[in-house]
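Peer 1: Just dropping this structure here.
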Ligand SMILES: NC(=O)c1ccc[n+]([C@@H]2O[C@H](COP(=O)([O-])OP(=O)(O)OC[C@H]3O[C@@H](n4cnc5c(N)ncnc54)[C@H](O)[C@@H]3O)[C@@H](O)[C@H]2O)c1
C-alpha cells in the first residue's frame, strides 16, 4: 500500500479533518500517531477496524511544548522516525472572536499559538530527522480565511497566512534534502464548527461557493494524502486551496 512502512503524525487528529486524514493514512498502510486534547471521537471511529491497531492516539495539548516533546519521544520509542507530519491542529477564537477593534492580546496569542506555533514546534522536532534520512513530507493546515480575510477573524487570518509564509520558507530550506513542505487551505468543510452556524450563514457560504456545496473532511484528507505520497515529490512550497472554487489563484 501507498504508506506501507511509513510513520505519520497528525496533530489535532481526534476528530474533524484531522481524523479523516488519520483514517486515510491508516487505510493506505501507515502507522499513525495523534496528539489531541480528546481522543474519544477517533477511538470511536476506529473501534472494530482492523487497521485501528496501527494508530496511537495520545491525549494532550499541542500548545504545551513539554507535552508535545513527550509525545514525540513516545512516537520515536513506539513507532520510530516520523516520515509524514500533518500539522492540522488550529482554530479561530470561536466564541471569543469578534471585531478586531474590540479584541484583546490574550485572544490573539491563543489563536496564533494553536494555529501557527504548534506547526512550527512539531516541524522543528521532526525536520532534522527527515533531512538526515533524505525523506519527509510536511503538510501544514492553513485556511481560505487567510486569503479572503473574513470579518471578525483577523487573528486567525494572520495565523493562517503565517502558515503560508512558514511553509514556503521551510520548503525552500528542506527541498535539497528530499523533504517537501506544503500547505492546504480548506474553505467551508463540514466539521463540528459548522454545527454552530445558523442555517442562513450556511446558505450564504454555499451561495458563495462555485461548486455549490460544503466540502467534507475527506475532501481535505484526499489532498493531504496526495501531498504526503511519493507521487508529490516535485511539489513543495505550495498552498492548495480546497474550497470548491471560492478563491482562485
Ligand atoms: N472546518 C473548516 O471549515 C475548516 C476550514 C479551514 C481550515 N480549517 C482548519 O482545519 C483544522 C481542523 O479543523 P476542524 O474543523 O477539523 O476542527 P475540529 O474542531 O472538528 O477538530 C479539531 C481537533 O483538534 C483538537 N484540538 C483543538 N485544540 C487542540 C490542542 N490545543 N491540542 C490538541 N488538540 C487540539 C480537538 O480536540 C479536535 O479533535 C484547523 O486548523 C482549522 O483551522 C477548518
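The values are calculated or read from the model by the stated rules, or taken from the named source; none is laboratory data. Here the structure is a predicted model, which is why all the values come from computation and not from measurement. With ideal geometry, Cβ positions are generated from the backbone for all residues, glycine too; neighbour counts draw on all protein chains shown.
Peer 1: Restricting to region 84-96, what's the tally of residues that are farther than 20 Å from residue 239 by Cα and under 21 Å from the mean Cα position of the chain (by Cα)?
Peer 2: Residues in region 84-96 being farther than 20 Å from residue 239 by Cα and under 21 Å from the mean Cα position of the chain (by Cα): 2 in total.
Peer 1: For the subset of region 89-100 comprising residues that are in a loop (DSSP other than H, G, I, E, B) and within 13 Å of the ligand (Cβ to nearest atom), which member is surrounded by the most Cβ atoms within 10 Å (Cβ to Cβ)?
Peer 2: That would be 90.
Peer 1: Another question, if that's okay. Quick one: which residue in 49, 26, 42 is under 23 Å from residue 230 (Cβ atoms) and either under 18 Å from the mean Cα position of the chain (by Cα) or free of Cβ contacts under 8 Å to residues at least 40 places away in the same chain (or both)?
Peer 2: 26 is the lone residue from the list that is under 23 Å from residue 230 (Cβ atoms) and either under 18 Å from the mean Cα position of the chain (by Cα) or free of Cβ contacts under 8 Å to residues at least 40 places away in the same chain (or both).
Peer 1: Mind checking whether some residue in region 95-114 is under 15 Å from residue 11 (Cβ atoms) and in contact with a helix residue (DSSP H, G or I) (Cβ under 7 Å, 6 or more places away or on another chain)?
Peer 2: No: zero hits.
Peer 1: For region 101-113, does any single residue satisfy the condition of being at pLDDT 95 or above, more than 10 Å from the ligand (Cβ to nearest atom), under 16 Å from the mean Cα position of the chain (by Cα) and crowded, with 23+ Cβ neighbours inside 10 Å?
Peer 2: no
Peer 1: If you don't mind, there's one more thing I want to ask. Check 47, 8, 19, 81 and return the single one that is surrounded by 14 or more Cβ atoms within 10 Å (Cβ to Cβ) and closer than 26 Å to residue 195 by Cα.
Peer 2: 19
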